[in-house]
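> Pasting a structure here, questions to come.
The values are calculated or read from the model by the stated rules, or taken from the named source; none is laboratory data. Everything numeric here is computed off the predicted structure, so don't read it as measured data. Quick reminder, even Gly has a Cβ in these numbers, built from the backbone with ideal geometry, and neighbours come from all protein chains shown. When the accessible area is computed, the model is the full protein with side chains, heavy atoms only, and any ligands, DNA or RNA have been set aside. Shrake-Rupley method; radii C 1.70, N 1.55, O 1.52, S 1.80 Å.
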Amino acid sequence: MRFLILVLTSWPLWVDPAAAAESSAESLAIDELVVSTFRETGAERLPSSITVLDAEALRETSVQHFQEVIQLVPNLNYSGDGNRARYLQIRGIGELEQYQGAPNPSVGFIVDDIDLSGLGSVATLFDVEQVDVLRGPQGTRNGANALAGLVFIKSAEPADSFQSQLEASLGTDEMAALGGTVSGPLGDSVGYRIAVQKYQGDGFRDNVYLNQSDTNGFDELTVRGKLRFEFGVDWRLDLTGMFVDVDNGYDAWAVDNNGDNTYADKPGRDAQETAAGSARITGELGEFATFVSITSVAATDSVFSFDADWGNDEFWNTPQFGNSIYDYFSYTERDRDMTSQELRLVSGSGGRLFGAADWIIGVMGLNLDEGIDVVDTGRDDFWCLTPCVTPFASAYESKSRAVFGELGVPLGLAVRLDLGLRWERWSADYADANSSFSPDDDLLGGHVNLSWQYSDAAMFYGRVARGYKAGGFNLDANAPPEKLQFASEALWNYEVGFKYLTNTLRADLVFFWMERDDMQVKVPVQDTAGNPIAFSFLTDNAEEGSNRGVEASVDWSVTETVTLHGAAGWLKATIDQFDYVRDLQGRDQAHAPRYSFLVGATWQSARGWFARADLVGQDEFYYDYSHDQKSTSNERVNLRLGKSWERWSVFLWGRNIFDETYTVRGFYFGNEPPNYPDKLYTQRGEPRQVGMTARYEFR
């Protein structure tokens, strides 16, 4: 039945392709290659909803971090639970936080073939060549970590000839950055690239109690290195190493929601140190197939801490707050080690089945170990008359083993059928002082694509895809026995789309409908009024959820100097039935705004002057599943103006130049003594920031 829907909704694909042959004379523009798929394919030839941001787009729209380009991607959002965007949502699906329990991401996040899902703080963009965002389940490509979609970041490759550059930025909020790259060949068969950058800023908050402006600040170091070895005939080894040290503060909340000033006496940290590497071997087995081996390792140490009462002794010891004693702090260390190995064969021109059908077969293994150490401390007038200290430690190990394959069958000159399938065996072991779990599951995903190349410029497609996400367990002692574990989730995605590419116009339009079977819903519950750390995070399976919408983007070169940009997403994501902890039937899913958009223009003269202006915005959304509080809709304007000449590029930039107030996270609970009434507390997004960047190229 599901595949019948694909056929019925894709009926235009069966029209005789000869009917549009006259349009084949159109000249095509260069189509960015999608580097995140099994085969590097042009974005406008891939039968799937995708946004590709190349190096030029990243330079024009970002200053430092992936968080800044989220607004360019339809139906992509993030939860501001921390200093940087670590938790992403695609089409309304994705985690909002991870205060306890095992990692179980819905959005895959890969940097240079290294799986860093759930560790988005590492996504600095200096010397990044391309970002792919694939929307919808990537069950064949990435398995359990890509239920909602996949973000793939690729840094720049070694250059064929010597090149080097130095880049420096200064901006308001004491922002300063300095970075450099050097790249080139080492003989005839070896290439290298090294990139180093340091970025600092005060973080847009002033702590008025400590009289400090950097308690929410940025301090980020990025080091990347690449080596490329070419050996034999058509064989290559690509080695990548990266070290990212993000040592940011976390002091973003205040009980009066003023958005600028904080009062904490013990500001927190949102720090992550990742050392990782990958090795990719690619070789041609004659014309039969291409052999690909990808090995990756990553070690991440992170600290997430925060002043849970958001105040200080003098702040709370006032008549407004009952002259109370109220002082809580949470400190979490998390150590994660990941190793993975993937092997695959990709058919060549001489290996096609029956001389026509392309194929891919592969196996994958991934091991992940994570240890958590938490120390919560507090003192107050009731629960902790003497200081309370609550430690917690846990250990988690998981293993994934997968077999996957893909088959592409031409149905005539212009119609193509693609089939993909992945079977994954997942098992895990978890233990803390009070409980232990050893869940395991067999998971199945895949896709069916039907595409019609209507002309050289235009393509229609239909797609059915199935993604999956492993089950898990609840750690709360109050959870009833039947709720200690929750089941895996499956997602069926149906979409039809149109893509168009010429020398002057690139456009795409996608309609999608997703059905979430056994949808996992996590509801935070405050265990004890007056203790801002005592929360349980209870997950259960809703019977169903549905996510449907539209995604569109366009780039139009109106003249040789002016290009118009646009991207928009419309989304309706609802919970069909859920009544554990709260009745959420019919309510929208959290962090799933009904619309998001970008409208912009770029001007570039023959003399090197350039300018870009973007208006970005999104609708209101529910903050969480534990309450029904919402954000407000917002619109922001970003500008860039500069000039490039000879070896220099200098430009001025401004983000949120009209200083629009918007929020990225919201909590609803009691955090004000003596009565602790429930109240909405919000974390404000980044205010206006302006600056200048200069870049010099050595040749």
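> In segment 424-555, carbon and sulfur make up what percent of the accessible area (probe 1.4 Å)? Intermediate values should be presented prior to the final figure.
Details: 2410 of 4720 Å².
Ligands and nucleic acids excluded, carbon and sulfur give 51 percent.
> Same structure again: State in Å² the accessible area per residue of the chain; use a 1.4 Å probe, count heavy atoms of protein chains only, and round to the nearest integer.
Ligands and nucleic acids excluded, the figure is 40 Å² per residue.
> Each residue of segment 235-245 in order: what ³J(HN,Hα) in whole Hz does its phi give by Karplus 6.51 cos²θ - 1.76 cosθ + 1.60, θ = phi - 60°, with x for Gly and Pro?
10, 8, 10, 10, 10, 10, x, 9, 9, 10, 10
> Sticking with this structure for a sec: How much of the accessible area of segment 130-237, in percent, comes from carbon and sulfur atoms when a 1.4 Å probe is used? Don't skip to the answer; put the middle values down first.
Details: 2260 of 4260 Å².
Taking all protein chains in place, segment 130-237 shows 53 percent carbon and sulfur surface.
> With only alpha-carbon atoms in the gyration tensor, what are the semi-axes of the equivalent ellipsoid for segment 150-238, in Å, largest first?
Details: eigenvalues 309, 39, 14 Å².
Value: 39, 14, 8 Å, ordered largest first.
> For residue 483, give me every one of the lysines with a C-alpha distance below 17 angstrom, ignoring sequence neighbours fewer than eight places off in its own chain.
Within the straight-line cut-off, residue 483 pairs with 522.
> Enumerate the whole-percent occupancy of each 10 Å bin, from 0 to the last occupied one, for all C-alpha pair distances of segment 36-188.
Binned Cα distances yield the sequence 10, 37, 33, 17, 3, 0.
> What does the convex hull of the Cα atoms come to per residue for the chain, in Å³?
Details: hull volume 104.4 nm³, N = 699.
Cα convex hull per residue, to the nearest whole number: 149 Å³.
> Starting from the Cα of residue 159, step 7 Å toward the Cβ, then list every residue of segment 180-199 with an amide N under 18 Å from that point.
The answer is 180-197.
> Let me ask you something else. To the nearest 0.05, what FRET efficiency results for residue 487 and residue 686 with a Förster distance of 45 Å applied to their C-beta separation?
Efficiency for this residue pair is about 0.70.
> While we're looking at this one, here's another question. To the nearest 10 square angstrom, how much accessible area does residue 155 have with a 1.4 angstrom probe?
Surface open to solvent at residue 155 totals about 10 Å².
> Starting from the Cα-Cα distance between residue 291 and residue 425, subtract it from 0.36 nm times their residue separation and give me the gain in nm to one decimal. Show your work: numbers first, answer last.
Values: separation 134, 0.36 × 134 = 48.24 nm, distance 2.37 nm.
Length difference between fully extended and current span is 45.9 nm.
> Compute the separation of the alpha-carbon centres of segment 49-107 and segment 363-436 and state it in Å as a whole number.
First find each Cα centre; the distance between them is then 18 Å.
> Normalising by the residue count of the chain, find the relative contact order in percent from Cα pairs under 8 Å and 6+ residues apart. Please report the intermediate quantities before stating the final value.
On the way: 2075 pairs, mean separation 82.6, N = 699.
Once divided by the residue count of the chain, the mean separation gives 12 percent.
> Quote the convex hull volume per residue of segment 327-457, based on C-alpha atoms, as a whole number of Å³.
Numbers: hull volume 24.7 nm³, N = 131.
In segment 327-457, the Cα hull volume divided by residue count equals 188 Å³.
> Which value in deg cm²/dmol, rounded to the nearest 500, describes the helix-derived mean residue ellipticity at 222 nm for the chain, given -39,500 (n - 2.57) per DSSP H run of n ≥ 4 and division by the residue count?
-500 deg cm²/dmol
> Where in segment 300-344 does the label zone of residue 281 land, with the point 7 angstrom along Cα→C-beta and an amide N cut-off under 15 Å?
Flagged as within label range: 341-344.
> Using unit Cβ charges (K, R positive; D, E negative) and no other charged atoms, how large, in debye to the nearest 20, is the dipole of segment 445-570 about its Cα centre?
Rounded to the nearest 20 debye, it is 200 debye.
> When a/c reaches 1.5 or more, the comparison of a/b and b/c decides; with that in mind, is segment 525-567 rounded, prolate or oblate per its Cα gyration tensor? Could the numbers behind the result be given before it?
Details: a/c = 8.88, a/b = 2.51, b/c = 3.53.
It comes out oblate by the Cα gyration axes.
> Lysines near residue 226 by alpha-carbon distance under 26 Å, same-chain residues fewer than 8 away left out - which ones?
Residue 226 reaches 154, 198.
> For segment 252-361, with all protein chains present and a 1.4 Å probe, just round the carbon and sulfur fraction of the accessible area to a whole percent.
Numbers: 2510 of 4430 Å².
That share works out to 57 percent.
> Using the Cα gyration tensor of segment 653-694, with a ≥ b ≥ c the square roots of its eigenvalues, what is the shape: rounded (a/c below 1.5), prolate (a/b larger than b/c) or oblate (neither)? If you can, show how the numbers build up before the last one.
Working: a/c = 4.70, a/b = 3.94, b/c = 1.19.
Prolate, since a/c reaches 1.5 and a/b exceeds b/c.
> Calculate, for residue 395 and residue 529, the FRET efficiency according to 1/(1 + (r/R0)^6) with r their C-beta to C-beta distance and R0 35 Å; round to the nearest 0.05. All intermediate terms of the calculation are to be shown ahead of the outcome.
Working: r = 32 Å, r/R0 = 0.91.
Calculated value: 0.65.
> Could you work out how far the C-alpha centroid of segment 126-202 sits from that of segment 282-311, in angstrom?
Taking the Cα centre of segment 282-311 as reference, the centre of segment 126-202 is 14 Å away.
> If you wrap a convex hull around the C-alpha atoms of segment 602-699 and split its volume per residue, what is the figure in Å³? If you can, show how the numbers build up before the last one.
On the way: hull volume 13.6 nm³, N = 98.
Cα convex hull per residue, to the nearest whole number: 139 Å³.
> If you don't mind, another one. Which residues does a label at residue 170 reach in segment 219-240, if reach means a backbone N under 20 Å from a point 7 Å past the Cα toward the Cβ?
From segment 219-240, the list is 219-220.
> Would you please give the FRET efficiency between residue 247 and residue 189, computed as 1/(1 + (r/R0)^6) with r the Cβ-Cβ distance and R0 = 35 Å, to the nearest 0.05? Intermediate values should be presented prior to the final figure.
Details: r = 39 Å, r/R0 = 1.10.
The pair residue 247/residue 189 has a calculated efficiency of 0.35.
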